[in-house]
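Report on the following structure.
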Amino acid sequence: MLLAEGQTHVQQRKALTPAFSIQSIRSLMPIFWTKCLHMADLWEQEMRKEGVTSTRFEVLDWLNRATLDIIGRAGLGTDIDSLDDPETPLRDAYRKCFSFDLEARIINGLAAFTSLVRYLPAKANRDMMNARKAIVSRASVIIKEKETQAVATKEVKHKDIIGLVIRHNMKASIEDSLTVEVMRDQVMTFLGAGFVGFAVL
C-alpha cells in the first residue's frame with residue numbers, strides 16, 4: 001500500500017483500514033504484552049543458566065526478534081518464534097534481504113541505477129533470491145491457510161490484520177476485493193516492517 005497509487009491505493013486502503021482502527025489495535029494489546037513478557041522470561045532464564053542476578057544483553061537484537069514475533073501473531077495470526085529460535089528460517093531470510101556487508105551495499109547501490117546488476121553471479125544476489133523465495137512461500141502458505149479456514153467455517157474469527165482483510169474480501173465486490181498476490185505483498189511488507197523495526201538501528 002505504501003507504493004500503490006490512484007484507484008489501487010484506494011482499494012487497498014479500504015481493505016486494510018478496518019484492521020488499523022483503534023478497536024482493532026486495542027484487541028491486539030494482549031499479544032504485545034505476551035511477547036514482551038516472554039522476552040523478559042527468556043532473559044531471566046539466561047541469567048539463571050549463568051548463575052548471575054544481572055548481566056548485559058544485546059537489546060536491539062532481542063527487540064528485533066520480539067517485534068518480528070509480534071507482527072507475525074498480530075498481523076498474520078501465525079507464530080514465527082524468533083524469540084525462542086533466533087535462526088528461524090523467516091528471520092534468516094529477512095536478515096539476508098537487509099544485509100549491510102560491503103558486497104550487499106555495492107550490489108544494492110548499483111541496482112538503484114540498473115536492474116542488470118541483479119544478474120551478476122554474486123553471493124548477495126543469490127542470498128536475495130533465496131530469501132525472497134522463502135518469504136513468498138511462507139506468505140502464500142499463511143494466506144492459503146486462512147482462506148481455507150474461512151471457506152470451511154464461512155467466517156473469519158481471528159482479528160489479525162490479514163484475517164480482517166480476508167473477512168473484507170468475503171463481503172466485498174470483485175472490484176473491491178484484494179487478489180492473493182496483493183495480500184501476499186502485504187504479508188511480506190508487514191514481516192519486513194517487523195524485521196526492519198530494530199534491525200537497522
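The values are calculated or read from the model by the stated rules, or taken from the named source; none is laboratory data. Source: prediction; values computed, not measured. Glycine also receives a Cβ, built like all others from the backbone with ideal geometry; neighbour counts cover every protein chain displayed.
State whether the residues of region 131-140 include one that is surrounded by 12 or more Cβ atoms within 10 Å (Cβ to Cβ), within 19 Å of Arg65 (Cβ to Cβ), in contact with a Pro (Cβ under 9 Å, 6 or more places away or on another chain) and not small (Gly, Ala, Ser). Yes, region 131-140 contains at least one residue that is surrounded by 12 or more Cβ atoms within 10 Å (Cβ to Cβ), within 19 Å of Arg65 (Cβ to Cβ), in contact with a Pro (Cβ under 9 Å, 6 or more places away or on another chain) and not small (Gly, Ala, Ser). Residue count for region 1-57, restricted to those that are touching a helix residue (DSSP H, G or I) at 6+ places or on another chain (Cβ under 7 Å) and part of a helix (DSSP H, G or I): 11. Among residues of region 105-127 that are within 19 Å of Asp92 (Cα to Cα), those with a beta-carbon under 9 Å from a residue that is assigned to a helix (DSSP H, G or I) and of a type in the set (Asp, Glu) at least six positions away or on a different chain give the pairs Ala122/Glu103; Lys123/Glu103; Ala124/Glu103.
Identify, from the list Leu164, Leu191, the residue that is assigned to a helix (DSSP H, G or I), crowded, with 17+ Cβ neighbours inside 10 Å and at pLDDT below 75.
Working: Leu164 fails: at pLDDT below 75.
Every option except Leu191 fails the conditions.
Do you know which of the residues in region 1-32 that are at pLDDT 80 or above and over 18 Å from the mean Cα position of the chain (by Cα) is surrounded by the most Cβ atoms within 10 Å (Cβ to Cβ)? Of everything passing the filter in region 1-32, Ser27 is surrounded by the most Cβ atoms within 10 Å (Cβ to Cβ).
For Ser54, are the conditions met, namely being surrounded by fewer than 14 Cβ atoms within 10 Å (Cβ to Cβ), small (Gly, Ala, Ser), on the phi < 0 side of the Ramachandran plot and at pLDDT 85 or above?
Values: surrounded by fewer than 14 Cβ atoms within 10 Å (Cβ to Cβ): yes; small (Gly, Ala, Ser): yes; on the phi < 0 side of the Ramachandran plot: yes; at pLDDT 85 or above: yes.
Answer is yes for this residue.
Looking only at region 85-115, residues that are exposed (fewer than 15 other Cβ atoms within 10 Å of the Cβ), small (Gly, Ala, Ser) and outside any helix (DSSP H, G or I) come to 1 in all.
For region 98-154, give me each residue that is among the polar types (S, T, N, Q) and under 27 Å from Thr78 (Cβ atoms). Show your work before the answer.
We begin by selecting, within region 98-154, every residue among the polar types (S, T, N, Q); these are 99, 108, 114-115, 125, 130, 137, 140, 148-149, 153.
Matches in region 98-154: Ser99, Asn130, Ser137, Ser140, Thr148, Gln149, Thr153.
Is it true that some residue in region 73-81 is part of a helix (DSSP H, G or I), at pLDDT below 80 and surrounded by 12 or more Cβ atoms within 10 Å (Cβ to Cβ)? Yes, region 73-81 contains at least one residue that is part of a helix (DSSP H, G or I), at pLDDT below 80 and surrounded by 12 or more Cβ atoms within 10 Å (Cβ to Cβ).
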